[in-house]
Amino acid sequence: MAYRSINPFTEQVEQEFPFASDAEVESALQQAHDAFETWRQTSHEHRSELLTRVADELHDVRDEYARILTADMGKLLVEASAEIDSCERILRWYAEHAVGYLQPQVRPSGSYVGGSYEVVPTATGVIYIVEPWNFPYYQIVRVLAPQLAAGNVVILKHASNVPRAAAAWQKLMTRAGAPEGLFTNLFVTHEQSARIIADDRVRGVALTGSEAAGAVIAGQAAQSLKKSTMELGGADALIVLEDAEVEKAARWAARGRHRNAGQVCVASKRMIVVDAVYERFVEAYRQAVRELVAGDPTAPETTLAPLSSEAARKGLIEQVERAVANGAHAETVEISVPSTGWFMQPVILTGIDADNPAYLEEFFGPVTQLYRVADEDAAVALANSSPYGLGGSVFTADTARGRSVAERLDTGMVAINRPALGGPDVPFGGTKRSGYGRELTDLGLLEFVNLKVVGVGDIDG
Ligand code: NAP
């Protein structure tokens, strides 16, 4: 597929970008490698200064850059602006905090003759990152900021439907004074991508995307014995217990499910509600969904954006049809949607049995899976029966009970009385088929460093 920006609201092709030639890929790899040899020797202060300049530049172009996101993949302008703010916070967080986590640690040793040794976090080289379209800048920054802070350099392959966002990020880095090769966006084919992963100059691979892409890219990285991190899909459960503030939970759930037109990896996609409050929850949820306003994503009153592409909408409709063919009930929440643009009316699916393919799937859009269960134990069992394990949430008036449910959930993250967690100082990642590795915080910073052990001994000892 070519790299093409098609506005999901107007359905107009706005810009196309040619694939990189093999010669351009080779030159980018060499330039990145050369940049690494210099960058790895720079001080932490120098790296922090660059991250701060990137944050400053981004701050200055907030409105212009937000509009690129809205035009590339349809998200609400207000959400695009919030994404930029979030990127700025991540950049500033690493500018301030990375140095503290990258200091050599002295550790005592009873077996080593010197009596102690050091663990020195050391840069490893070019990190190749493959990113999705749903948060076009934020996904880049979650990996780029820690990698630059750690002394690594980055080559990006972005999703083929958000090339303007990718190109805009390249420009931003140049404006901020990043030396050539420190960050390189490449419009590559999947075949070229495989060759980049196999190239000796690339030392690590980070993917955020679907489970299908994860299986391919993790396999390619493994073939070359390269470390990888995989931030993949999710079908997060939102559990509502009988002591929860039900109407509040329903409002949070509806808002979380339809943010970014429902195209969020950690959106609550499966509402699991105990019998005692099920009817109340459904009524309040349906009402909150009915209040969504679909329309021009740049208009402040709009709360439901179009889907990112025609293919995304087609795929989601087919998924709903398949769920129904296998016994589920689909309730379309009738809200008015514009006649142009890849909008989809919200759908609530019920009656999804364990043998329905939908039971195991992620729905990436305004489709809610709703389950009624007897009690807390049944809620946890259902939540854990998903192949995914990204995030999850539990709503209850009793925080201690919420914590004990959180402990029982097989996911990377659990929020109590909120749909999801987030922020530059909160680690992000999943387990099971949602992938492995963590982004953000010190955990993301240390994913692609070499924890080198250095000891000083006494030759005569
Ligand atoms: P996708 O199809 O997997 O695409 C993600 C990226 O992978 C794109 O850049 C895509 O490039 C690339 N890609 C796919 N197959 C490839 C291959 N064989 N070789 C090289 N590159 C390949 O995912 P998506 O549909 O765009 O994004 C939605 C998915 O991402 C959802 O499952 C969502 O839950 C997940 N996600 C996870 C997180 C997280 O942090 N866990 C965050 C956001 C999204 P092309 O466009 O060129 O195919």
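Taking every C-alpha pair closer than 8 Å and separated by at least 6 residues, the mean separation divided by the residue count of the range 367-461 gives a relative contact order of 22 percent. The length gained by stretching the chain between Ser43 and Glu331 to full extension, at 0.36 nm per residue less their Cα-Cα distance, is 97.9 nm.
Label separation (Ala311 vs His190): 0.9 nm, computed from points 7 Å beyond Cα along the C-beta direction. Full extension of the chain between Asp275 and Asp355 gives 26.6 nm of extra length, using 0.36 nm per residue less the Cα-Cα distance. Taking 7 Å steps out from each Cα toward its Cβ at Gln287 and Val13 produces label points 4.8 nm apart. Across the range 198-279, the convex hull enclosing all Cα atoms gives 118 Å³ per residue.
Would you mind giving the average projected area, over all directions, of the Cα convex hull of the range 236-423 in nm² with one decimal? Projected area, direction-averaged: 10.2 nm².
For the range 2-10, the Karplus equation 6.51 cos²θ - 1.76 cosθ + 1.60, evaluated at θ = phi - 60°, returns couplings of 6, 8, 9, 8, 10, 5, x, 8, 8 Hz by residue, with Gly and Pro reported as x. Mean separation of Cα pairs under 8 Å and 6 or more residues apart, divided by the residue count, gives the chain a relative contact order of 19 percent. Helix 136-150 and the longest principal axis of the C-alpha atoms of the chain enclose an angle of approximately 30°. Approximating the spin labels as points 7 Å out from Cα along Cα→Cβ, the Thr340-to-Ser404 distance works out to 5.7 nm. Residues in the range 404-416 carry Karplus couplings, in order, of 6, 5, 4, 5, 8, 7, 8, 9, x, 9, 9, 10, 9 Hz; the curve used is 6.51 cos²θ - 1.76 cosθ + 1.60 with θ = phi - 60°, and Gly or Pro positions show x. Distance from the alpha carbon centroid of the range 275-332 to that of the range 374-443 works out to 23 angstrom. With 35 Å as the cut-off, how large is the P(r) tail for the chain, expressed as percent of Cα-Cα pairs? Counting every Cα pair in the chain, those more than 35 Å apart make up 33 percent. In this calculation the C-beta distance from Arg107 to Asp377 is compared with R0 = 45 Å, giving a FRET efficiency of 0.55. Calculated [222 nm] ellipticity per residue, helices only, for the chain: -13500 deg cm²/dmol; basis is -39500 (n - 2.57) per DSSP H run with n ≥ 4, divided by all residues, nearest 500. A cut-off of 5 Å between modelled amide H atoms, ignoring neighbours fewer than 5 places along the same chain, links Ala415 with Gly392, Ser393, Val394. Paramagnetic label reach from Ala299 (point 7 Å along Cα→Cβ; backbone nitrogen cut-off under 19 Å): within the range 341-371, residues 341-346.
Read the figures in this text as sums done on the coordinates, not as results from a lab. Note that the structure is a prediction, hence the values are computed from the model and not measured. Heads up, the Cβs are rebuilt from the backbone with ideal geometry, glycines too, and the neighbour counts pull from every protein chain shown.
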